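This report concerns only the one structure given below.
The values are calculated or read from the model by the stated rules, or taken from the named source; none is laboratory data. Treat the numbers as computed from the prediction; the structure is a model and nothing was measured. Here the Cβ positions follow ideal geometry from the backbone for every residue, glycine too, while neighbour counts run over all protein chains shown.
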Amino acid sequence: MEKNNTSLKFNHIYFSYQDDAQTLKDVSFEVEKGEYVCLIGHNGSGKSTIARLMIGLLSPKKGDIEIFGEKLSEDNVVSLRKKVGIVFQNPDNQFIGATVRDDIAFGLENECVEEERMEVLVDEYAKKVGMYEFLDKEPSSLSGGQKQRVAIAGTLVRNPSILILDEATSMLDPKGKREIIDLIHKTKQENPDLTIISITHDIEEAYSASKVIVISSGEIIASGQPKDVFTSQEKLEELELDLPFFLKLKKELSNRGIEINDVSSIEELKRQLC
Ligand SMILES: Nc1ncnc2c1ncn2[C@@H]1O[C@H](COP(=O)(O)OP(=O)(O)OP(=O)(O)O)[C@@H](O)[C@H]1O
Ligand SMILES: [Mg+2]
């Protein structure tokens, strides 16, 4: 029998919050096991709606969603959700515990992990995200970026098969963002089968993904490997995406008469300049 390598599939999904406004129109895509997919698009294009559909918080009006080959339904949503970890765009929506420790432990308690093992894991993941000193604090006393760190720890500690990050590092400073993205890349290296779906406005992160999906007004307008989707500066402008730093620099150099061949990273640009 052929091995099914698909971890998540959207089949012709239509969704609207209100009858008169179509939020998602005929959205279809497939994510293979172990892929790192970035979902990008302007504000209000429907990215978080897609994330909520993925974990069954919303149900499609038309079409169906498959997780590891199983159609998502009311009957299996609870069991399928165990395989999926999500970090929401607004970290306040993620907190339930009285302390940071309780919050990171919450998912583990649900999965009946024994007390001693749970303590070790909570400490380990709090350290990984740089929040160990805050374990006894109330989540409400934390800054937005600190809340995002805790939410990421609480999701990674459950060791999900599919990790959905909805702008999960948006409130972190550049150094913090780098640290968390490095942690996620490291987690992925340790577990190559982990599927990551990252919703981001960070075009540079999208360049490092194995696949990008570009959403505009509830429709997929481009998808594929970053090098095929982001073929040129003109293409990015056409997709209404921000230019990454190295392309802004290339454009500026060109304005000053220094022409650079096509590049897909700052390192390549540096090599051409040397
Ligand atoms: N709970 C809701 N009720 C009604 N309309 C909603 C609701 N949530 C989102 N919408 C609308 O659905 C559309 C898509 O919203 P969504 O949050 O999915 O966008 P997004 O791509 O995640 O945007 P952003 O980049 O700002 O996070 C928007 O027009 C938004 O106003
Ligand atoms: Mg959103």
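Summed over region 171-221, the residues that are surrounded by fewer than 18 Cβ atoms within 10 Å (Cβ to Cβ), within 16 Å of ligand 1 (Cβ to nearest atom) and under 24 Å from Phe246 (Cβ atoms) give a count of 3. Among the residues of region 27-50, those that are away from ligand 2 (no atom under 16 Å from the Cβ), touching a residue at least 40 places away in the same chain (Cβ under 8 Å) and of a type in the set (D, E, K, R) comprise Glu32, Lys33, Glu35. The selection criterion, being surrounded by 15 or more Cβ atoms within 10 Å (Cβ to Cβ) and over 20 Å from the mean Cα position of the chain (by Cα), holds for Lys250. Checking region 28-41 against the condition returns a match, with at least one residue being of a type in the set (Gly, Ala, Ser), more than 15 Å from Ala168 (Cα to Cα) and away from ligand 1 (no atom under 13 Å from the Cβ). Evaluated against (1) within 16 Å of ligand 2 (Cβ to nearest atom); (2) surrounded by fewer than 16 Cβ atoms within 10 Å (Cβ to Cβ); (3) at pLDDT below 95, Tyr17 falls short on exactly one condition, (3). Quick check on this structure: which one of Leu57, Leu24 is buried (at least 16 other Cβ atoms within 10 Å of the Cβ), of a type outside the set (Gly, Ala, Ser) and within 16 Å of ligand 2 (Cβ to nearest atom)? Going through Leu57, Leu24 in turn, just one is buried (at least 16 other Cβ atoms within 10 Å of the Cβ), of a type outside the set (Gly, Ala, Ser) and within 16 Å of ligand 2 (Cβ to nearest atom): Leu24. Residues in region 86-97: is at least one small (Gly, Ala, Ser), in contact with a strand residue (DSSP E or B) (Cβ under 8 Å, 6 or more places away or on another chain) and either surrounded by 15 or more Cβ atoms within 10 Å (Cβ to Cβ) or part of a helix (DSSP H, G or I) (or both)? Looking for residues that are small (Gly, Ala, Ser), in contact with a strand residue (DSSP E or B) (Cβ under 8 Å, 6 or more places away or on another chain) and either surrounded by 15 or more Cβ atoms within 10 Å (Cβ to Cβ) or part of a helix (DSSP H, G or I) (or both), one finds none in region 86-97, hence no.
Taken over region 44-76, the criterion of being part of a loop (DSSP other than H, G, I, E, B) and under 28 Å from Thr187 (Cβ atoms) is satisfied by Ser45, Gly46, Ile55, Gly56, Leu57, Leu58, Phe68, Gly69, Leu72, Asn76. Does region 61-69 contain any residue that is surrounded by 14 or more Cβ atoms within 10 Å (Cβ to Cβ), among the β-branched types (Val, Ile, Thr), modelled with pLDDT under 95 and under 28 Å from Ile40 (Cα atoms)? For region 61-69, residues surrounded by 14 or more Cβ atoms within 10 Å (Cβ to Cβ), among the β-branched types (Val, Ile, Thr), modelled with pLDDT under 95 and under 28 Å from Ile40 (Cα atoms): absent. When Lys25, Lys47 are checked against the criterion of being out of contact with any helix residue (DSSP H, G or I) (no Cβ under 9 Å at 6 or more places or on another chain) and within 23 Å of Asp202 (Cβ to Cβ), Lys47 stands alone in meeting it. Can Gly69 be described as more than 16 Å from ligand 1 (Cβ to nearest atom), more than 21 Å from Ile13 (Cα to Cα) and not hydrophobic (A, V, I, L, M, F, W, C)? When the stated conditions are applied, Gly69 does not pass them. Counting only helices (runs of 4 or more DSSP H) that sit wholly inside region 165-238, those with at least 1 residues that are closer than 12 Å to Ile40 by Cβ are 203-207, 226-229, 233-238.
Within region 59-85, residues that are within 16 Å of Thr195 (Cα to Cα) have Cβ atoms under 6 Å from residues that are small (Gly, Ala, Ser) and assigned to a loop (DSSP other than H, G, I, E, B) in these pairs: Lys83/Ser161, counting only partners at least 6 apart in sequence or on another chain.
Could you tell me whether any residue of region 105-121 is within 16 Å of ligand 2 (Cβ to nearest atom) and modelled with pLDDT under 95? Checked against the condition, which is being within 16 Å of ligand 2 (Cβ to nearest atom) and modelled with pLDDT under 95, region 105-121 yields no hits at all.
None of Ile221, Ile196, Ile215 is at pLDDT 90 or above, away from ligand 2 (no atom under 16 Å from the Cβ) and farther than 22 Å from Arg178 by Cα except Ile221.
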